[in-house]
Amino acid sequence: MVHNFNAGPSILPATVFEQAAAAIHDFNGTGLSILETGHRTPVFEAVMQEALDLSKELMHLSDSKEVMFLHGGATTQFFQVPMNFLPDNGKAVYLDGGTWGSKAAGEARLYGDANVIASSKDRNYTYIPKGYQIPPDAAYFHLTTNNTVEGTQMWEFPDTNVPVVADMSSDILSRQMDFNRFDFIYAGAQKNIGAAGVCMVVIDKDLLGRTCRKVPGMMDYRKHIENGSMLNTPPVFAVYVCLLTLRWLKELGGVAAIEALNRQKATLLYETLDALPVFIPTVDPADRSHMNAVFVMEDPALEKEFLQLCKAEGMVGIKGHRSVGGFRVSMYNALPLDSVRTLTDLMKHFAQKH
């Protein structure tokens with residue numbers, strides 16, 4: 001058996017694979033593959049609408065919010081957000097809690113004044129910055145809720161009247177929160193929502209049209225909303241996999257049910273790490289991510305042996321990000337608790353040996 005701890009593209013529910021595979025051969029009895037189904041046909045329009053509606057339902061979004069499925073992944077949002085929301089004479093502020101927040105701020109500077117108001121770079125992004133002040137005249141405040149590379153997660157969010165933009169690529173729909181408190185949310189699908197190739201975007205309609213900048217049609221959120229996420233040909237298969245994953249999550253009991261499971265997985269792994277001196281978690285305990293646990297070995301010389309053992313036992317994706325090193329265990333929604341149990345048993349066995 002393979003245990004998939006990849007950080008992304010990541011594990012999906014088995015039932016989603018089965019249904020998606022069947023749809024490649026014959027989609028809903030049409031005799032056509034989902035891969036060749038026209039995006040402006042009623043059969044796919046129903047897929048898109050259900051995916052949009054389910055997203056709103058699972059996040060309990062108010063009527064002021066719109067959901068879109070867009071091309072380009074989350075990285076495109078690094079520049080599409082300031083293109084739409086940062087006026088030429090305005091400023092945006094960013095929380096630099098990791099690799100992706102830093103990159104997002106860098107892209108925003110192409111369009112105007114984008115300032116980092118707090119950063120944890122001083123300690124290699126092993127904690128979430130706190131105690132910062134958000135300027136009341138900022139066009140928006142950008143944060144990253146979970147840092148996939150470094151293994152930190154935000155558990156508290158600032159109260160502010162400034163519009164809040166949240167990159168939730170690696171923890172969206174993994175825990176309960178008031179999604180309506182965010183004015184703009186974006187998330188690449190390939191962690192918890194579906195397959196790579198599409199990005200979920202949630203926008204408060206009050207944000208639309210705030211800049212005087214001329215924006216290309218494909219970059220204008222208003223046009224995507226007007227066209228129901230089908231301004232041009234959408235990534236049909238990726239959207240369909242999102243729909244299947246959203247259905248799975250609803251049938252499981254929604255976000256509350258998956259949060260309870262994710263808490264179990266994270267608790268088991270971190271308790272094991274803390275009990276075994278051979279392994280050293282790198283993140284401040286208060287800021288540990290339930291999605292991505294990052295750790296190193298007390299003796300770096302043992303890392304290769306542990307990686308080889310994991311490979312031999314069918315554990316995929318354990319190696320840490322190249323910029324951090326060590327190990328990273330990603331525990332997204334679809335990862336079974338049994339996979340974490342198998343890993344922790346292996347870790348205990350390894351610790352006894354050394």
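The values are calculated or read from the model by the stated rules, or taken from the named source; none is laboratory data. What you see is a predicted model; the values in this text were computed from it and never measured. No Cβ is skipped: glycine too gets one built from the backbone with ideal geometry, and neighbour counts run over all protein chains shown.
Picking from residues in the range 174-226 that are modelled with pLDDT of 95 or more, in contact with a Ser or Thr (Cβ under 7 Å, 6 or more places away or on another chain) and farther than 16 Å from Phe78 by Cβ, the one that is surrounded by the most Cβ atoms within 10 Å (Cβ to Cβ) is Lys191.
Residues in the range 256-298 that are in a loop (DSSP other than H, G, I, E, B) and aliphatic (A, V, I, L, M): Leu276, Val278, Val283, Met291.
Apart from one condition, Asp287 fits all of (1) over 30 Å from Asn124 (Cβ atoms); (2) assigned by TED's automatic domain parsing to the domain that holds Ser330; the exception is (1). Mind checking which residues of the range 278-324 are over 19 Å from Ser169 (Cα atoms) and charged (D, E, K, R)? Hits for the range 278-324 are Asp284, Glu298, Asp299, Glu303, Lys304, Glu305, Lys311, Glu313, Lys319, Arg322. Residue pairs whose Cβ atoms lie under 8 Å apart, separated by 6 or more positions or on different chains, with the first residue in the range 154-166 and surrounded by 15 or more Cβ atoms within 10 Å (Cβ to Cβ) and the second acidic (Asp, Glu) and part of a loop (DSSP other than H, G, I, E, B), are Pro163/Asp183; Val164/Asp183; Val165/Asp183. Within the range 22-35, the set of residues being over 11 Å from Tyr240 (Cα atoms) and exposed (fewer than 13 other Cβ atoms within 10 Å of the Cβ) comprises Ala22, His25, Asp26, Gly29, Gly31. Of Ile11, Ile24, all but one fail to be in contact with a Leu (Cβ under 7 Å, 6 or more places away or on another chain) and not in a helix (DSSP H, G or I); the exception is Ile11. Among the residues of the range 59-115, those that are within 28 Å of Ser289 (Cα to Cα), in contact (Cβ under 8 Å) with a residue 40 or more places away in the chain, among the hydrophobic types (A, V, I, L, M, F, W, C) and in a helix (DSSP H, G or I) comprise Met59, Ala74, Val81, Trp100, Ala104.
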